[in-house]
Each structure stands twice: as C-alpha cells, then as structure tokens.
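Worksheet: one structure, shown below.
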Amino acid sequence: MKKEEISQLGSTLIRYRDGERDFQSINFTGFDLSKISFNRTNFKSAKFIDSNLQESEFLNCNFADAEMMHSNLIGALLIESIFSGANMSRTILIGADLTGCILSHACLREADLTRATLIDSSMVQAQLFKANLKKANLTGASLSTAMLSQCNLNAANLTRAILTDTNLSRASLKKAKMIRAYLHKANLKGANLKQADLRLAELKNADLEGANLEGADLEGANLEGTNLTGANLTGANLLNAHLSKANLEHAVLSKANLTGCNLLHANLKEADLYKANLAKAGLLLSYLNGANLKKANLKGANLIGATLGETNLMATSLEETIMPNGTLGAMN
C-alpha cells in the first residue's frame with residue numbers, strides 16, 4: 001500500500017479501537033485489509049473496490065449499498081452482516097462464511113462463492129447471473145425472485161431453500177441437494193439437475209422445459225402443473241410423486257420409477273416411457289397419445305378415462321391394470 005493508504009488505515013484502526021463504529025462512505029479502494037477485524041461496524045456506501053479482505057472478520061457489519069467489485073474475500077467471516085444493494089460483481093468469496101447475511105437486491109454477477117456458507121441467508125431479488133456456487137451451503141436460504149441464470153450450483157446444498165419465482169434457467173445443479181426445497185413457479189428451463197436430490201421438493205407450476213433430470217431423486221415431490229416438456233427423466237426416481245396436470249409431452253422417462261405416481265390429467269403425449277415402472281400409478285384422464293410404453297410396468301395402474309391413441313404397448317405389463325373403459329388388463 002501507499003504511504004497515504006497506510007496512514008488512513010492506521011487512523012481508522014485507532015478510531016475503531018477507541019470505540020468508533022461509523023465509517024459510512026469510507027474509501028478503501030485497493031487497500032490490503034487481509035486478516036483485519038471490524039465487527040458491528042457501519043460501512044454503508046463504502047468503497048472496497050479491488051480490495052484484499054482475505055480471511056478478514058466483519059461480523060454483524062452494515063455494507064448496504066457498498067461498492068465491493070473485484071474484492072478478495074476468500075475465507076472471510078461475514079456472519080449476519082448486511083449487503084443489501086451492494087455491488088459485489090466478480091467478488092471472490094471462496095470459503096467465506098455468510099451465515100444469516102442479508103444480500104437482498106445485491107449484485108453478485110459472476111462472483112465466486114465456491115464452498116461459501118450461506119445458511120439462512122436472505123438473497124431475495126439478488127443478481128447472481130453466472131455466479132459460481134459450487135458446493136456452497138444454502139440450507140434454508142431465501143432466494144425468491146433472485147436471478148441465478150447460468151449459475152454453477154453443482155453439489156450445492158439447497159435443503160429447505162426458498163426459490164419461489166427464482167430464475168434458474170440453464171443453471172447447473174448436478175448432484176445438488178434440494179430436499180424439501182420450495183421451487184414454486186421457479187424457472188428451470190434447460191437446467192442441468194442430473195442426479196440432484198429433490199425429495200419432497202415443492203415444484204408446483206415450475207418450468208422445467210428441456211431440463212436434464214437424469215437419475216434425479218424426486219420421491220414424494222410435488223410437480224402439479226409443472227412444465228416438463230422435452231425434459232430428460234431417464235432413470236429418475238418419482239416414487240409417489242404428484243404429477244397431476246403436469247405437461248410431460250415429448251419427455252424421456254425411460255427406466256424411470258413412477259410407482260404410485262399421481263398423473264391425473266397429465267399430458268404424456270409422445271413421451272418415452274420405455275421400461276418405466278408405473279405400478280399402481282394413477283393415470284386417470286391422462287393423455288398418452290403416441291407415448292412409448294414398450295416393456296413398461298403398468299401393474300395395478302389406473303387408466304380410467306385415459307387416451308391411448310397410437311400408444312405403443314408392446315410387451316407392456318398390464319396385470320391388474322384398470323384400462324380406460326374400466327376393464328382389467330392382462331399380462332402381455
């Protein structure tokens with residue numbers, strides 16, 4: 001640092017030591033603040049552009065509307081601090097602890113939050129376009145209406161996270177843990193959810209058009225009214241999932257487990273259900289025109305009122321299946 005920067009930092013530290021906690025609008029652009037401790041301090045509208053805050057400690061601080069672009073916060077402790085409206089684009093937050101932080105309306109575009117801890121944080125309407133959240137812990141975080149398009153959330157923990165109306169289009173969520181996540185009306189168009197854990201997740205009216213859910217675990221998930229047009233659900237586990245009124249047109253469900261699924265009024269037009277397990281599934285009034293059910297297991301399924309025009313039922317197991325007209329099917 002330059003002499004004037006050292007002098008400014010030194011005087012600030014003295015003021016802090018003497019009990020002052022209000023440093024609103026202070027300019028620390030380009031400063032080396034690594035391993036420094038400033039707790040319960042007001043940095044509203046302050047500037048930390050290109051600053052080094054690696055392994056620093058800022059507990060319960062106020063960074064509202066601060067400018068922190070390109071700053072280095074690797075391993076920083078930021079627990080319960082406020083970043084509302086802060087510009088943190090391209091900030092490096094690898095391994096940082098942001099537990100309980102408020103990041104509503106903050107800009108974190110292209111920020112690196114790899115392995116960051118964001119438990120119970122609030123990120124409502126935050127801008128996280130192309131941010132890296134690989135292996136981040138977002139348990140219980142609130143991300144309603146946030147922009148997470150093209151984000152890297154591979155192996156991230158989103159258990160019980162709130163993602164209502166969140167934009168996750170083309171995001172990568174491979175092997176993400178999303179147990180009981182709330183994704184009502186979320187935009188997941190073209191998202192990669194391969195082998196993601198979505199057990200008991202709330203996905204009502206979400207948009208998963210063209211999404212990759214290969215090998216995903218959706219046991220007990222609520223997908224009522226969800227758009228799954230052209231989605232890849234090969235080998236997915238949908239045991240006891242709720243899919244009434246879901247749009248599965250052209251979806252790939254080969255070898256998927258749909259045992260006990262509720263598919264009332266579901267659209268399965270030209271869906272690929274090759275070798276899918278639909279035992280005891282409720283397919284009442286479902287639309288299966290042109291669907292491929294070759295070698296599928298429909299044992300004990302209910303197809304009353306279902307439309308089966310041009311459906312491929314070659315080598316399909318229809319033992320104890322209730323057919324569209326109410327008669328019992330037989331083993332093919």
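Observations on the model:
- For segment 1-85, the spread of Cα coordinates along the three principal axes comes to 32, 29, 22 Å, biggest extent given first.
- Along segment 19-34 the Karplus relation, 6.51 cos²θ - 1.76 cosθ + 1.60 evaluated at θ = phi - 60°, assigns HN-Hα couplings of x, 6, 10, 10, 10, 4, 6, 5, 10, 10, 4, x, 7, 9, 10, 5 Hz to successive residues, with x for each Gly and Pro.
- Under 9 Å, Cβ to Cβ, from K185 - net charge with Lys/Arg +1 and Asp/Glu -1: -1
- For segment 223-328, the share of DSSP beta bridges that are antiparallel, to the nearest 5, is 5%.
- In this structure, the residue pairs whose Cα-Cα separation is over 19 Å, taken from K185/K269; K204/K280; K174/K294; K245/K269; K194/K255, are K185/K269; K204/K280; K174/K294.
- Taking only the Cα atoms of segment 156-197, the ratio Rg/Rh comes out at 0.93, with Rh defined as the Kirkwood radius.
- Helix-only [θ]222 nm of the chain, DSSP H runs n ≥ 4, -39500 (n - 2.57) each, per residue, nearest 500: -1500 deg cm²/dmol
- When the inverse distances between all different Cα atoms of segment 51-92 are averaged and flipped, the Kirkwood radius reads 10.2 angstrom.
- In terms of Cα atoms, the Rg and Dmax of segment 71-222 work out to 13.9, 42 Å.
- Here, segment 35-110 yields an orientationally averaged convex hull projection of 3.8 nm² when only Cα atoms define the hull.
- log10 of Debye I(q)/I(0), alpha-carbon scatterers only, for segment 144-265 at 0.09, 0.11, 0.16 Å⁻¹: -0.18, -0.28, -0.61
- Estimated FRET transfer efficiency (N60, I6; beta-carbon r; R0 25 Å; 0.05): 0.40
- Principal-axis analysis of the Cα atoms of the chain puts helix 3-17 at an angle of about 80° to the longest axis.
- Kirkwood Rh (inverse of mean 1/r, distinct Cα pairs), the chain, angstrom: 21.4 Å
- Rounded to the nearest 20, the size of the Cβ-charge dipole of the chain about its Cα centre is 460 debye, with Lys and Arg at +1 and Asp and Glu at -1.
- Couplings 3J(HN,Hα) for segment 230-237, derived from phi with the Karplus relation 6.51 cos²θ - 1.76 cosθ + 1.60 (θ = phi - 60°), are x, 6, 9, 10, 4, x, 6, 9 Hz, where x marks Gly and Pro.
Each value in this text was obtained by applying a stated rule to the coordinates, not by laboratory testing. Because the structure is a prediction, the values reported are computed rather than measured. So basically every Cβ, Gly included, is an ideal-geometry build from the backbone, and we count neighbours across all protein chains shown.
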